[in-house]
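Notes to accompany the following structure.
The values are calculated or read from the model by the stated rules, or taken from the named source; none is laboratory data. Because the structure is a prediction, the values reported are computed rather than measured. All Cβ positions, even for glycine, are placed from backbone atoms using ideal geometry, and neighbour counts span all protein chains on display. With ligands, DNA and RNA removed, areas are computed over all heavy atoms of the protein, side chains included. Shrake-Rupley method; radii C 1.70, N 1.55, O 1.52, S 1.80 Å.
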Amino acid sequence: MKKKNLIFAAFWAAVFSVSFTACSDDPETNPAPGGGDDTQLTDKNVVADDASALALVNGVYSHWQPLSSSFSFIIELNSNKLISFEGEESKEGPLNSRFEQGPDTWYQVKVFNHLLLSIAQANEAITTINNSLAQNKVSQAGYNAAVGKAKFLRALANLKLAQLWGEIPIFTENGGSTTERKPIDEVFAQIISDLTDAETLLLNYNGDPRVPSKQAAQGILARTYLVWGDNPLSEAEVQAIADSQEDPVFSKTDARLEKAIEYADKVIDSGLLALDPEYEKLFGREYESNKRGTNEHLFTIAHDGDKLDAQGNHQTHCSWTFPFQNGENGKGYRQNHTEVADDDLYDDWKAEQPDDKRLAKTYLTEIVNPETGLLHHYYSPVYTPVNGKGVDQSYENAENLEITQNSVDRIEIRYAEVLLTKAEALVQLGRNSEAAEPFNELRKRAGIETVAAPTFDQIKREWDYEFTYEQFSLYNNLRWKDLIASVQKVGSYKHFDAHWEHGDVSYTTEQRAFFEKVHNHLLAKYNNVRGRHYRQPIPTGLSGEELGIAPQNPGY
């Protein structure tokens, strides 16, 4: 461990001093095994054994843990589903809620930089472990586990960067620039390369989703091919619509969609994964990371809480910041860091699928305070519904300790996504009747009607039913090229109407103030969303420095 810390101390000093400067192809700065004196391997650039090789790669997670809740502040707030009252309107949460983010908005800065740092750290680990293998310090099995994990995490970071920022720099242990943005197809080719390597190197899923597995790599490959198959926009295409409120035309590449089906089938045919029969028991402390042994969680980011890991998972805290101080019987009127955008999200779903078991988990309109026995209603004119996936309901008689502990693991991918990915790819290819089997597995668990041949619109709605507030909203709108139309659905929401600019006189002062704020956020979403929001702004570094990545995305 001491040796590993010395390696990282030197590594991070170099990384931060150059602020992501380009990797050099000079052999004197990137020594290769087997070279002359300048490339001699020493105990400073190898690890001693399999355990230390794996520990080296596990250090990459220090950049993933701070992002578990931060992803929601981009992916869910940049949609019609969530608004943020986290501080003043000039703060980072409200800026994203109102589509007013810029290069210095903290959540964009945080996510972008930590993902780049995770890639840099994965690269360093791969180089070190390659050296260790050459020196017979690690076994082939140890090498496979460590490098497979590093490539899996590197691919996942690049995928998220590409989905949110488009063309990005690509740099690996073999070099590459950290400032030169690569064409989108080159980015996806690197992601695919890393994931196929990881698929080969990693072992089968063993029931522990905190450990990347062969099936986790296959599941992310299915996701990647679906994203790539829906033809991500190029910089020029975004430039053409940057100031417009018209969505681009949807297009697809069938060969990539076929690959999405192929990799989804690999996961399905392995027989190692399954849907948990009880949807509501997928979320919360008691159920995190497959504690039930039902094998639906495919890959998760581990959290032990604020005091132990790099940063706790604040999704629960942000959704349920002030428990039982709001709603009917609340003693105050405090605003959560993130709020459900309006009653309509609950109402529309209930009108469409009143028997859907997922609705009551996703939107909470009534919650009993176990300490007082009082029933709190979360619905206008008192409040808006509460994001149920941000309330730990796994302990029956506890006042949601997770708002201070922040220790629930974040689910990156679960088996349900694999099934719906396959179903969607089949529907996009016109093979709707074949899509019925994976599609209906989700519907049967939810207790709603099955269909003989799902339509594309039904597929899209099923993503909402199954995954709302699980960090999919923006990603799906970007794929389907309906971001602007989807966000502008808020124009039909109850509190969008101009009447709410000054509130309803029948409401209390506190109620009027709350729903005026809801109205202002809905109005801002509707008016501010533009074609430029198909990309996030290239941000500054963590300390506000310029990263040298150019050009800036259109419209920022």
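Quick check: anything in region 395-402 among the aliphatic types (A, V, I, L, M) and either open to solvent by 20 Å² or more (accessible area, probe 1.4 Å) or farther than 18 Å from residue 472 by Cβ (or both)?
So far as region 395-402 goes, yes, one or more of its residues are among the aliphatic types (A, V, I, L, M) and either open to solvent by 20 Å² or more (accessible area, probe 1.4 Å) or farther than 18 Å from residue 472 by Cβ (or both).
Could you identify the single residue in 309, 276 that is open to solvent by less than 10 Å² (accessible area, probe 1.4 Å) and touching a helix residue (DSSP H, G or I) at 6+ places or on another chain (Cβ under 7 Å)?
Only one candidate qualifies: 276.
Answer with yes or no whether residue 526 is in a helix (DSSP H, G or I), modelled with pLDDT of 95 or more and of a type in the set (Phe, Trp, Tyr).
Criteria met by residue 526.
I'm trying to understand the selection: among the residues of region 96-140, which are of a type in the set (Gly, Ala, Ser) and either open to solvent by 10 Å² or more (accessible area, probe 1.4 Å) or within 30 Å of residue 526 (Cβ to Cβ) (or both)?
97, 102, 120, 134, 139
Residue under question is residue 421, and the condition is that it be under 22 Å from residue 363 (Cβ atoms) and either open to solvent by less than 10 Å² (accessible area, probe 1.4 Å) or assigned to a strand (DSSP E or B) (or both); does it hold?
no
Report yes if residue 292 is of a type outside the set (A, V, I, L, M), assigned to a loop (DSSP other than H, G, I, E, B) and without any contact (Cβ under 8 Å) to a residue 40 or more places away in the chain, otherwise no.
So residue 292 passes the test.
Being open to solvent by less than 30 Å² (accessible area, probe 1.4 Å), at pLDDT 95 or above and farther than 25 Å from residue 347 by Cβ is true for just one of 541, 548. Which residue is that?
Answer to the selection: 541.
Need a quick list: helices (runs of 4 or more DSSP H) entirely within region 1-109 having at least 3 residues that are modelled with pLDDT of 50 or more and under 27 Å from residue 210 (Cα atoms).
50-58, 70-75
Considering each residue of region 312-325, count those that are touching a Ser or Thr at 6+ places or on another chain (Cβ under 8 Å) and crowded, with 22+ Cβ neighbours inside 10 Å, and give that number.
Counting residues in region 312-325 that are touching a Ser or Thr at 6+ places or on another chain (Cβ under 8 Å) and crowded, with 22+ Cβ neighbours inside 10 Å gives 6.
Can you find, within region 496-528, the residue that is most open to solvent (accessible area, probe 1.4 Å) among those that are under 19 Å from residue 338 (Cα atoms) and among the acidic types (Asp, Glu)?
If we take residues in region 496-528 being under 19 Å from residue 338 (Cα atoms) and among the acidic types (Asp, Glu), then 510 is most open to solvent (accessible area, probe 1.4 Å).
Which of the residues that make up region 253-277 are over 23 Å from the mean Cα position of the chain (by Cα) and part of a loop (DSSP other than H, G, I, E, B)?
Once the filter is applied, which keeps residues that are over 23 Å from the mean Cα position of the chain (by Cα) and part of a loop (DSSP other than H, G, I, E, B), region 253-277 yields 253, 271, 272, 277.
Quick one: in region 326-352, of everything that is modelled with pLDDT under 95 and open to solvent by less than 20 Å² (accessible area, probe 1.4 Å), which residue is nearest to residue 491 (Cα to Cα)?
Across region 326-352, the extreme among qualifying residues is 336.
Given (1) of a type in the set (A, V, I, L, M); (2) open to solvent by less than 10 Å² (accessible area, probe 1.4 Å); (3) within 19 Å of the chain's Cα centre (by Cα), identify the lone condition not met by residue 478.
Just one mismatch for residue 478, condition (2).
Checking the conditions here, which among 196, 179 is under 26 Å from residue 479 (Cβ atoms), among the hydroxyl-bearing types (Ser, Thr, Tyr) and at pLDDT 95 or above?
196
Report, by residue number, each residue of region 56-79 that is touching a Ser or Thr at 6+ places or on another chain (Cβ under 8 Å), under 25 Å from residue 343 (Cβ atoms) and either open to solvent by 10 Å² or more (accessible area, probe 1.4 Å) or among the β-branched types (Val, Ile, Thr) (or both).
72, 75 - these are the residues of region 56-79 that are touching a Ser or Thr at 6+ places or on another chain (Cβ under 8 Å), under 25 Å from residue 343 (Cβ atoms) and either open to solvent by 10 Å² or more (accessible area, probe 1.4 Å) or among the β-branched types (Val, Ile, Thr) (or both).
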